[in-house]
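Working notes, structure below.
Nothing in this text is a laboratory measurement; each read-out follows from the coordinates by a stated rule. All of these numbers come straight from a predicted model, not from anything done at the bench. Note: ideal-geometry Cβ built from the backbone for every residue, glycine included; neighbour counts use all protein chains shown.
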Amino acid sequence: MSSSAVETESPDLVCELDNVQGMVDALTSVRWKRHQDAVLELSEHGIVLIVEDTGCLQAKVYLQRELFVRYEYSAHGRPRFGVSLGLFVDCLNTFCIPGHSGPIEFQYPGPDMQLLLKSTDSLSSCTYAEIRTRIPDTISWDYNFEPAGSTPISFTVKSSALKEAIDDLEWPGSSIQITLQPTPPSVTFKGEGHGDLQIDFMYYANMDLLTAFNCDQVVSHRYKYKFLRATTSNIPSSVIKDNRGSKLTIGRGGMLKVQHLVSVAKPSNSHQHIDSVGPPPSRIAYIEFFVKPQVDEENAYDS
């Protein structure tokens, strides 16, 4: 067989991860409904998983190549393929043994363009899975995020507090108004339904809760509750337990970006001090949500 034929048959990507549970946590954080399609994009820098809903909500999971103990990439360009997110997460869960996090190998494509998963920690037994892929639909809207001005409008709040606030503001079919004001530095979440409910985060009053704040003007936008709730509904318990912060940024036109960090580091047997800095940046999966405001709907009613 010629060398060119061998190269043609070689997979685009073969990689190995030593903490399946970390990947499950990262992918579960963007799973906001039962039946959900996802697009995976491969590159020499890592894997990006993209999901969206009705052109108003989009989420991305960045799995950088540094997360993997082995990452062999030989494709030209950036291959993309679609999978069922629920099926992908369920398959990964079959590799998660309580109290043990063994390595798992990924390969794409298989003989019939499948995504192949295989456990690699035992010579006597092997767990193996094939996930059927599809040609992905075109992502229907541009999530390109632009700053609203020269000063970034953002704040960082403890993830547990953010999730609790959004859960408390639930009104069926309602919207949530987020308002930032520089004086006094504060963030207000206001829900409207059969009544009004308002939650205030005061920066100087509780800097342990609202850990960072950047705003030089009053900014206020409304977001559909079900889309805003999707950004926190499945935050991994590990993030809540570690009491990490989630960063929210409001960009041009009111586009909201919500960012979480999920550890994909292999659990240590030693007990870390509660104030330790945690896993190094290279062992963190970056989660980003983009939520469109309700500006267009309001304008439509006003016309």
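At-a-glance table
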{"quantity": "Global form of segment 3-131, assessed from the alpha-carbon gyration tensor, a/c cut-off 1.5", "calculated": "oblate"}
{"quantity": "Length-normalised contact order for segment 3-131 - Cα pairs under 8 Å, 6+ apart - percent", "calculated": "31"}
{"quantity": "Karplus-derived 3J(HN,Hα), 6.51/-1.76/1.60, for each residue of segment 220-226, Hz, glycine and proline x", "calculated": "8, 9, 10, 9, 4, 4, 5"}
{"quantity": "Ranked by how many other beta carbons lie within 10 Å on average, peptides 15-24, 58-67 from highest", "calculated": "15-24, 58-67"}
{"quantity": "Spin-label pair residue 164/residue 204, simplified geometry with 7 Å Cα→Cβ offset, distance in nm", "calculated": "2.4"}
{"quantity": "Most to least packed among 159-166, 283-290 [average Cβ atoms within 10 Å]", "calculated": "283-290, 159-166"}
{"quantity": "Over 29 Å (Cα to Cα) - which of 60/241; 158/266; 190/266 fall in this group", "calculated": "190/266"}
